[in-house]
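Peer 1: I'd like to ask some things about the structure below.
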Ligand SMILES: Cc1ncc(COP(=O)(O)O)c(C=O)c1O
């Protein structure tokens with residue numbers, strides 16, 4: 001394919017710079033299981049997806065896990081299981097991928113923005129508390145860059161009001177909160193296995209539910225509401241459907257990739273964390289570039305390593321000129337036309353957006369890359 005490599009490099013870095021911000025992790029060892037499934041005669045959702053599901057359940061220390069076709073589907077399904085519908089309110093964060101918030105609109109619900117803590121990028125529990133009304137059905141939080149939100153406080157608010165907490169954990173595979181894996185800490189946690197996540201199934205997702213009841217209902221809803229375990233008169237024709245569902249299930253081809261990827265993900269996470277630790281140490285006393293606030297009671301998956309730069313535009317230019325790809329990764333959602341009907345004052349978001357930039361942190365960095373990044377950041381601080 002002529003010009004393909006050049007095009008790919010430009011798509012990855014916004015201009016083909018030599019240290020990328022993201023990289024697809026794809027071990028050669030996926031080829032054998034993939035070949036097996038592809039020619040097995042069964043490529044839909046079946047036994048391989050079930051194995052992947054049970055392996056995820058073991059990792060999350062939570063039996064109630066559903067594999068899905070992407071993280072957005074996981075968020076939509078969680079909202080549906082939380083009974084979020086027309087005219088309901090969901091308190092959410094603007095500092096995220098639009099995939100967090102579009103499913104709220106798809107459910108016909110209203111978004112009520114809570115502010116974030118600019119020291120972490122995560123939703124602020126005090127702000128959430130102020131935004132709850134009798135119309136609120138759920139709280140949506142996002143673990144920015146993989147750093148867990150204040151889950152004790154958010155769970156407390158949700159339980160006080162008899163509403164659900166949904167975690168968008170699409171950055172946070174492998175993160176832990178007070179030693180518990182993300183995936184076992186709230187009513188719903190939504191994961192993405194999209195191309196550039198710690199582990200990928202090309203596209204894919206998972207939903208971890210607190211209750212078996214929600215998980216059982218979700219299993220029906222992910223496939224048109226059909227109970228695929230029931231005995232049928234005709235093996236191709238479903239029995240009665242109780243409520244409408246979606247086509248959100250995973251398939252055995254992508255699940256085979258997921259099973260293989262899981263073998264490597266602990267090592268991937270270890271590398272992200274080791275690089276982040278070096279950055280935390282190197283940047284802790286800088287004046288113009290600040291590290292985020294990391295509490296010792298939780299462990300980030302460091303999908304992103306975000307810093308706050310006093311002069312962000314100059315910092316981004318300096319890093320780009322040093323051959324290091326940087327980005328703000330997500331634009332604040334509240335200013336998009338699609339969300340403008342929900343205006344709100346968000347000073348924490350204003351501060352964060354003014355300063356936040358993510359620099360490469362992942363498994364693909366060589367020791368030399370890490371040194372180059374540290375040198376470039378500290379050089380900017382000295383300018
Ligand atoms: C915070 C966040 N939420 C949701 C999603 C959506 O996940 P997916 O692309 O698997 O649908 C993403 C995607 O990258 C994300 O970063």
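We did not get these values from a lab; they are worked out from the coordinates using the rules stated. Keep in mind that this is a model prediction, so the values were computed, not measured. Glycine gets a Cβ as well: all are built from the backbone with ideal geometry, and neighbour counts include every protein chain shown.
Peer 1: So for segment 236-383, averaging the separation of alpha carbon pairs under 8 Å that are six or more residues apart and normalising by length, what relative contact order in percent results?
Peer 2: Worked out over segment 236-383, it gives 30 percent.
Peer 1: With a 10 Å cut-off between alpha carbons and a GNM built on the chain, which of 372, 340, 232 moves the most?
Peer 2: Highest fluctuation of the listed residues: 232.
Peer 1: Can you compute the radius of gyration and Dmax for the chain, using only the Cα atoms, both in Å?
Peer 2: 21.2, 76
Peer 1: While we're looking at this one, here's another question. Past the 24 angstrom mark, what percentage of all C-alpha to C-alpha distances in segment 195-326 do you count?
Peer 2: Looking at segment 195-326, the distances longer than 24 Å represent 56 percent of pairs.
Peer 1: Follow-up. If you average over every viewing direction, what projected area does the convex hull of the Cα atoms of segment 41-93 give, in nm²?
Peer 2: Result: a mean projected hull area of 5.3 nm².
Peer 1: In percent, how large is the relative contact order of segment 90-243, given Cα pairs closer than 8 Å and 6 or more residues apart?
Peer 2: Normalised by residue count, the contact order of segment 90-243 is 14 percent.
Peer 1: Using alpha-carbon positions, what is the distance between the centroids of segment 162-177 and segment 106-146, in Å?
Peer 2: 13
Peer 1: Okay, moving on. Just the Cα atoms of segment 311-383: what Rg and Dmax do they give in Å?
Peer 2: Cα radius of gyration and Dmax of segment 311-383 are 15.5, 48 Å respectively.
Peer 1: Moving on to the next point. With the crude spin-label approximation of a point 7 Å out along Cα→Cβ, what separation in nm comes out for residue 195 versus residue 126?
Peer 2: Computed distance between label sites residue 195 and residue 126 equals 4.2 nm.
Peer 1: Over what distance in Å are the Cα centres of segment 198-240 and segment 250-308 separated?
Peer 2: A separation of 31 Å, based on Cα centres.
Peer 1: Moving to a separate point now. Taking the mean number of other Cβ atoms within 10 Å as a proxy for protection, how do you rank 274-287, 188-201, 257-270 from highest to lowest?
Peer 2: Put in order of decreasing packing, that is 188-201, 257-270, 274-287.
Peer 1: Against the longest principal axis of the chain, how steep is helix 47-60, in degrees 0 to 90 to the nearest 10, with axes from Cα atoms?
Peer 2: 50
Peer 1: Quick one: compute the contact order of the chain, relative version, from alpha carbon pairs under 8 angstrom and 6+ residues apart, as a percent.
Peer 2: Value for the chain: 22 percent.
Peer 1: Okay, next question. On average, how much area does the Cα convex hull of segment 5-107 cover when viewed from any direction, in nm²?
Peer 2: 10.6
Peer 1: Moving on. What do you get for the angle between helix 71-81 and the principal long axis of the chain? Use alpha-carbon atoms, 0 to 90 degrees, nearest ten.
Peer 2: 50
Peer 1: Going by alpha carbons, how many degrees (0 to 90, nearest 10) lie between the helix axis of 212-221 and the longest principal axis of the chain?
Peer 2: Long axis of 212-221 versus the principal axis of the chain: about 80 degrees.
Peer 1: Once every DSSP H run of n ≥ 4 in the chain is given -39500 (n - 2.57) and the sum is divided by its residues, what mean residue ellipticity at 222 nm do you get, rounded to the nearest 500 deg cm²/dmol?
Peer 2: -12000 deg cm²/dmol
Peer 1: While we're on this one: Just to be sure I understand the model, the point goes 7 Å from the Cα along the line to the Cβ. What's the resulting residue 110 to residue 267 distance in nm?
Peer 2: Each label point lies 7 Å from its Cα, and together they span 5.2 nm.
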